[in-house]
Amino acid sequence: MRITLSMTIAELIQTFENEFDAKISISSKDKKMSTVLFDISKAKDKNVAISISKSTRVRSIEKMFMDSFGIPIQIGNKLGYIAPKDSILATINENMEASIGLNNKIDGLDDSDNSGQYAEIDDDNNAKENIKQNNPATKIEKNIRKLSNTNDEKKEDPRIKSLQEKYLHYQKTEKYADMKILITEIETSMLALNNRKDNDRILLKRVLDETKLNALNVANIYKKKRRFFVFVFAIIALLIFTGGTTVSLLERYNEKLISEDINKIISREDDNGSNVNTELLSEKQKELQRLQNSGIKKDIMLIIGIFFVTITLIFVVKLHKYIVTSTRFNQNI
């Protein structure tokens with residue numbers, strides 16, 4: 001999750017809760033939901049941003065908010081009870097009953113927020129009812145029941161879930177086919193923005209922006225790795241092709257020289273009528289026959305070089321296709 005100073009308090013709280021199923025509280029005199037974070041921060045640069053994930057510790061998040069924004073915050077589990085400083089967001093809702101028993105809520109959340117929302121079944125005995133409400137064990141039971149009901153009512157946005165799943169798959173594989181699937185999902189979600197209500201639209205737009213930015217970073221890293229690979233492969237291909245060409249030309253040049261020597265020996269024998277060079281002639285003819293019989297063997301290195309050059313060209317074309325397609329992540333919503 002990427003948090004910027006352009007977010008309002010309401011956007012921060014809603015996005016944080018949807019992303020991590022946890023609560024965040026701003027410690028500030030101005031707690032209006034429409035207040036922009038920059039207005040209550042001590043940062044001088046509006047473009048300052050922080051990024052957190054499910055593996056980030058509560059202590060680190062609070063420190064990042066204070067160091068980067070100058071805004072004190074508190075992190076709590078889904079019931080609003082303060083989370084341990086060393087816990088990570090992925091496990092913040094574990095040991096729920098222990099958190100409720102401590103009865104230590106983050107600022108702005110207390111037991112009065114939950115009063116009157118759950119009635120007991122036994123309405124005939126008001127005295128017992130009052131005792132139950134003041135019993136800590138009953139409070140735990142009520143809060144757990146409230147948590148269960150909230151989870152039943154709260155449904156994850158299928159569009160956002162699909163976006164996140166396809167991005168994670170693309171991040172893992174970095175393949176061109178998975179990138180096209182993610183781009184299709186992004187463009188489909190962009191078309192769905194017009195049919196969303198204000199809060200849902202803001203959330204989906206923020207997820208889209210983050211997904212596109214993260215996917216573009218993945219594509220850029222892949223392009224750097226692929227360029228290096230193609231460069232090394234191209235050097236190897238050129239070396240093999242050059243070596244194969246050289247060997248092939250030398251073999252043909254030697255074959256030509258031997259043929260010329262044989263012709264000279266034969267012409268001398270015809271002129272003199274002598275057989276003094278018969279052994280030399282026989283040796284040259286055997287060497288020429290050996291070169292001619294080698295056939296494709298003398299060109300095998302050249303053929304391998306041509307194969308490697310062809311593969312290099314295919315890699316270059318595919319990389320260019322990948323680079324051009326990845327520019328679609330730069331399109332504005």
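The values are calculated or read from the model by the stated rules, or taken from the named source; none is laboratory data. Keep in mind that what you see is a predicted model, and the values were worked out from it rather than measured. Don't worry about glycine lacking a Cβ; one is built from the backbone with ideal geometry, like all the others, and counts go over all protein chains shown. All accessible areas refer to the heavy atoms of the entire protein, side chains included, with ligands and DNA or RNA removed. Shrake-Rupley method; radii C 1.70, N 1.55, O 1.52, S 1.80 Å.
Sorting the segments 240-250, 205-215, 72-82, 46-56 by their mean number of nearby beta carbons within 10 angstrom, highest to lowest, gives 72-82, 205-215, 240-250, 46-56. Solvent exposure of Lys85, expressed as accessible area, is near 90 Å², computed with a probe of 1.4 Å over the protein chains only.
Got a sec? What order do Thr35, Thr278 fall in by accessible area at 1.4 Å, biggest, i.e. largest, first?
On the way: Thr35 10, Thr278 70 Å².
The ordering from most to least exposed comes out as Thr278, Thr35.
When every Cα-Cα distance of region 195-264 is counted in 5 angstrom steps from zero, the calculated P(r) takes the values 3, 13, 8, 9, 8, 7, 7, 6, 6, 6, 5, 5, 4, 3, 3, 3, 2, 2, 1, 0 percent.
Asp299 exposes around 30 Å² of accessible area when a 1.4 Å probe is run over every protein chain in place. Pairs exceeding 19 Å between alpha-carbon atoms, taken from Lys223/Lys318; Lys161/Lys212; Lys42/Lys78: Lys42/Lys78.
Please identify every one of the trypsin sites (Lys or Arg not before Pro) in region 169-198 that sits in a loop by DSSP and has no more than 16 other beta carbons within 10 Å of its own beta carbon. If you can, show how the numbers build up before the last one.
Numbers: sites: Lys172, Lys175, Lys180, Arg196, Lys197; in loops: Lys175, Arg196, Lys197.
Listed in order of number, the matching sites are Lys175, Arg196, Lys197.
These residues, Arg226, Arg59, Arg2, go from largest to smallest accessible area, 1.4 Å probe, as Arg59, Arg2, Arg226.
With the Cα gyration tensor of region 9-72 giving a ≥ b ≥ c as the square roots of its eigenvalues, does the rule (a/c under 1.5 for rounded; else a/b larger than b/c for prolate; else oblate) give rounded, prolate or oblate? It comes out oblate by the Cα gyration axes. Accessible surface for Met66 stands near 90 Å², nearest 10, in the context of the full protein assembly shown (1.4 Å probe).
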